[in-house]
1. Only one of these is under 19 Å from B:Val30 (Cα atoms) and either surrounded by fewer than 15 Cβ atoms within 10 Å (Cβ to Cβ) or at pLDDT 95 or above (or both): A:Gly59, A:Gly17. Name it.
2. Out of (1) within 13 Å of chain B (Cβ to nearest Cβ); (2) touching a residue at least 12 places away in the same chain (Cβ under 8 Å), what's the single condition that is false for A:Val119?
3. When the residues of region B:32-52 are filtered to those that are among the aliphatic types (A, V, I, L, M) and surrounded by fewer than 20 Cβ atoms within 10 Å (Cβ to Cβ), which remaining residue is farthest from the other protein chains (Cβ to nearest Cβ)?
4. Restricted to region B:78-133, and to residues that are within 24 Å of B:Val41 (Cβ to Cβ) and among the hydroxyl-bearing types (Ser, Thr, Tyr), which residue is nearest to the chain's Cα centre (by Cα)?
5. All but one of (1) under 23 Å from B:Gly37 (Cα atoms); (2) at pLDDT 95 or above; (3) surrounded by 19 or more Cβ atoms within 10 Å (Cβ to Cβ); (4) in contact with a helix residue (DSSP H, G or I) (Cβ under 6 Å, 6 or more places away or on another chain) hold for A:Gln48, so report the exception by its number.
6. Considering only residues that are of a type in the set (A, V, I, L, M, F, W, C) and farther than 18 Å from A:Trp4 by Cα, look in region A:25-45 and name the one that is surrounded by the most Cβ atoms within 10 Å (Cβ to Cβ).
7. Using the structure shown, decide if A:Phe5 is of a type in the set (Phe, Trp, Tyr) and either surrounded by 15 or more Cβ atoms within 10 Å (Cβ to Cβ) or touching a residue at least 40 places away in the same chain (Cβ under 8 Å) (or both).
Amino acid sequence: MIDWFTWVQLAVAVTAGLLCIVLGLAGRAPNDVTNGALALVEVLLVVQLVVAIAAPAFGNEATGSLLEFYTYLVGALLLPPAAIFWGLLERSRWSTVVLGVAALAVAVMVYRMLQIWTVQQA
Amino acid sequence: MTNVQSARPETDRRRRMSGIGRVLVAVYGVLALAALGRSFVQIVAKFDEAPLAYALSALAAAVYVVATVALVRSGRGWYRVAWATIVFEFTGVLVIGTLSIVYPDLFPHDTVWSWFGRGYLFIPLVLPVLGMWWLAKHRPPAAPSRGANGADAA
């Protein structure tokens, strides 16, 4: 895991989450902005996956359980597409809030991944 | 989905999972995913350490998944399944939560429900209450008092 990249990813996920929740509560149905924000979160997760696979080859090893790390990563990868897809089925304000919930959940999972990678015992 | 349900599209589905209920279902989904992931790791990596706690985790995870599906699906059958699973969760979090505090030795390792779901921001404690409230407010169209073809009238 690359520290600065992970923090950027966290910032993007939290921002996307808050943005979607605010827009949703303001009555907006999912649109290009909200779906784009979630798509960006997803792309960063895919980059994170590539980084995680490549990092050990460069001496950047996880200190915690790799099994747990990848369980979080795979779980997180599922969330944005599921939320976007569900939002396409019913275009209401609450679907936008769901996008926000998914992005925030990804943020929590990425933070746990960071702990597992960098802090022993996590 | 059965033919009966596709004959009355939208209306039925709308009752259960539309509006703010979607957010409820989404949070259920995330919790189900979290519980599944954790229990997968526990069982693969260290089942021998605490078989009771980890078996419970797996059971809880499975029930969360069923509850999520039941909340999304329409029809009276799924409505009952939703009630059963949510009541099971609520009972679980109360019983295991209390036991884990009164007899910590019983649960040396965390479960979803230890300390009333503290490891999950107490979401396991709050969610069943919201779920039961939601179900009580959104009975399926063919309620017992209505008769089988109540949906056509709606």
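The values are calculated or read from the model by the stated rules, or taken from the named source; none is laboratory data. These figures come from a predicted structure and were not determined experimentally. Don't worry about glycine lacking a Cβ; one is built from the backbone with ideal geometry, like all the others, and counts go over all protein chains shown.
1. Exactly one residue qualifies, and that residue is A:Gly17.
2. (1)
3. Going through the qualifying residues, I end up with B:Leu52.
4. By that ranking, first place goes to B:Thr85.
5. Just one mismatch for A:Gln48, condition (4).
6. We begin by selecting, within region A:25-45, every residue of a type in the set (A, V, I, L, M, F, W, C); these are A:25-26, A:29, A:33, A:37-41, A:43-45.
Filter once more, keeping what is farther than 18 Å from A:Trp4 by Cα: A:25-26, A:29, A:33, A:37-39.
Details: A:Leu25: 13, A:Ala26: 9, A:Ala29: 15, A:Val33: 14, A:Ala37: 22, A:Leu38: 26, A:Ala39: 15.
Selected residue: A:Leu38.
7. Spelling it out, A:Phe5 is indeed of a type in the set (Phe, Trp, Tyr) and either surrounded by 15 or more Cβ atoms within 10 Å (Cβ to Cβ) or touching a residue at least 40 places away in the same chain (Cβ under 8 Å) (or both).
For every residue, the table says whether it meets (1) crowded, with 21+ Cβ neighbours inside 10 Å; (2) within 21 Å of B:Val30 (Cα to Cα); (3) basic (Lys, Arg).
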position: B:Arg73; (1), (2), (3): no, yes, yes
position: B:Arg76; (1), (2), (3): no, no, yes
position: B:Val87; (1), (2), (3): no, yes, no
position: B:Val95; (1), (2), (3): no, no, no
position: B:Val102; (1), (2), (3): no, no, no
position: B:Leu106; (1), (2), (3): no, no, no
